[in-house]
Amino acid sequence: MQFKDIVGQKDLLARIIQLVKDKHLPHAMMLSGHAGSGGLPIALATAQFIVCTNKQESDSCGECAACVKMQKLQHPDVHFSFPVYKKKDTEIPLSDHFIQQFRTFILENPYATDTDWIKYLGTTKQANITALECREIIKKLQLRSFESEFKIMIIWYPEYLDKEGNILLKVIEEPTKKTLLFFVTEDMDAVLPTIQSRTQLFHLKRLSDVEIKSAIMDSGTNEIEATQIARLAEGNYNYAQTLLAHQDENMVEVLRNWLNWIYANKGIELVKWIYALTEKDKEYQKKFLAYVIQILEHMLRYKHMPKGELALLDGELKLIEILESKGLSPYRIAEWTDLLNESIYEIERNANTKILFHALSLRIQKLVHRKMSVS
């Protein structure tokens with residue numbers, strides 16, 4: 001991972017790069033930002049920059065032996081600790097037991113979350129970072145470095161450290177020479193206060209829609225799809241990638257058709273629409289409902305903001321204008337939003353989606369006073 005591969009966070013990256021060059025990087029860093037903002041990618045890119053044997057002005061070279069090893073997450077002086085679970089009730093799990101899976105998982109998506117990780121492992125068991133793991137961290141950091149000037153430990157999700165995390169306090173406060181610890185968290189409040197107080201905080205900003213849109217377009221996605229995904233992602237690049245994997249049709253058209261059949265009371269067409277939607281996976285269905293909520297939110301802003309500031313596609317703006325002409329009031333929008341949020345909640349709990357979308361369509365239809373087509 002190189003700094004050039006990271007989405008946004010330019011000010012923070014410039015600060016870290018300068019600290020490394022000035023040899024003032026703190027020995028214990030806390031990279032804190034919400035899901036999908038890039039904490040782990042920054043930790044990986046910083047580690048690669050540090051171990052790189054042919055540093056460029058503002059990035060690792062990406063070609064030396066150290067960079068090649070880092071790009072496989074196999075550098076002998078860069079260690080990882082992360083939440084794991086017991087495969088057997090008699091064992092105490094360690095990160096090293098899962099390191100091959102972790103490498104594959106992170107290389108596929110360094111913006112992934114702990115939820116994604118647990119899902120990837122295919123378990124419902126509680127994950128944590130144990131006392132034994134903390135002692136293993138200390139042992140690794142007491143070893144001499146093999147190839148690099150520094151030994152680096154990346155602790156992903158220190159939120160999973162319970163009171164056992166206090167075992168690490170001495171190594172955080174008084175590490176061996178040339179030792180760096182990078183903590184990567186999404187919830188600073190859940191990290192032990194004793195660890196917080198011994199680290200220097202580096203706060204990640206929420207990614208802008210423009211930054212996410214640009215990154216998505218760089219992967220070959222067209223501007224319309226990239227705009228929709230960036231807005232739905234709400235600063236979470238990991239979620240943007242999930243949405244991108246399910247982006248196979250224009251949601252403006254999907255929404256317009258749904259509203260057409262609801263307003264026109266065309267039951268047969270509505271049933272066909274529901275069956276087509278529920279053939280897609282549940283992530284797509286949730287994405288669609290979240291998209292409808294966003295359109296309704298933009299509709300509330302429609303009367304009070306210049307059109308150019310709404311960041312809407314032409315088709316979305318036209319749809320909002322039609323709904324406005326049909327008298328969809330703020331009160332009704334609130335009712336619709338409640339129903340949509342309730343439906344997302346039910347999908348997450350494995351509701352039968354055919355029944356759910358039938359019920360949702362009928363409930364919204366009851367809120368529609370006039371039977372007009374949306375076109």
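We did not get these values from a lab; they are worked out from the coordinates using the rules stated. Remember, predicted model here, so these are calculated numbers, not experimental data. Here the Cβ is made from the backbone with ideal geometry for all residues, glycine too, and neighbour counts use every protein chain on show.
A few comments on the model shown:
- Karplus-derived 3J(HN,Hα) values for the stretch 349-362, using 6.51 cos²θ - 1.76 cosθ + 1.60 with θ = phi - 60°, are 9, 6, 5, 5, 6, 5, 5, 4, 6, 4, 5, 4, 4, 5 Hz; glycine and proline are entered as x.
- Radius 14 Å from Cβ of TRP117, net charge of other residues (Lys, Arg +1; Asp, Glu -1): -2
- Helix 209-218 and the long axis of the chain differ in direction by around 80°, with both axes built from C-alpha atoms.
- Ranked by how many other Cβ atoms sit within 10 Å of their own Cβ, fewest first, the residues PHE98, PHE182, PHE146 fall in the order PHE146, PHE98, PHE182.
- Nearest-ten-degree value, helix 267-278 long axis tilted from longest Cα axis of the chain: 10 degrees
- Beyond 18 Å in Cα-Cα separation lie the following of the pairs LYS286/LYS366; LYS140/LYS170; LYS318/LYS366; LYS86/LYS151: LYS286/LYS366; LYS318/LYS366; LYS86/LYS151.
- DSSP beta bridges in the chain [antiparallel fraction, %, rounded to 5]: 5 percent
- Computed helical MRE - 222 nm, the chain, DSSP H runs ≥ 4 contributing -39500 (n - 2.57), nearest 500: -16000 deg cm²/dmol
- 15 Å beta-carbon shell around CYS64, net charge (K/R +1, D/E -1): -2
- Listed candidates (i) 42, 29, 17; (ii) 46, 23, 17; (iii) 45, 27, 19 - label of the one calculated as semi-axes √(5λ) of the Cα gyration tensor in Å: (ii)
- In Hz, Karplus ³J(HN,Hα) per residue of the stretch 166-179 (6.51, -1.76, 1.60; θ = phi - 60°; x = Gly, Pro): 5, 4, 7, 4, 5, 5, 6, 6, 9, x, 5, 4, 6, 10
- In sequence order, the stretch 111-127 has phi-based couplings of 8, 5, 10, 4, 4, 4, 5, 5, 5, 4, 6, x, 10, 10, 6, 5, 9 Hz under the Karplus curve 6.51 cos²θ - 1.76 cosθ + 1.60, θ = phi - 60°, and Gly or Pro positions carry x.
- Near ALA230, once Lys and Arg are set to +1 and Asp and Glu to -1 for all other residues with Cβ below 11 Å from its Cβ, the sum equals -3.
- Among the listed pairs LYS72/LYS205; LYS266/LYS326; LYS280/LYS354, a Cα-Cα separation exceeding 23 Å is found for LYS72/LYS205.
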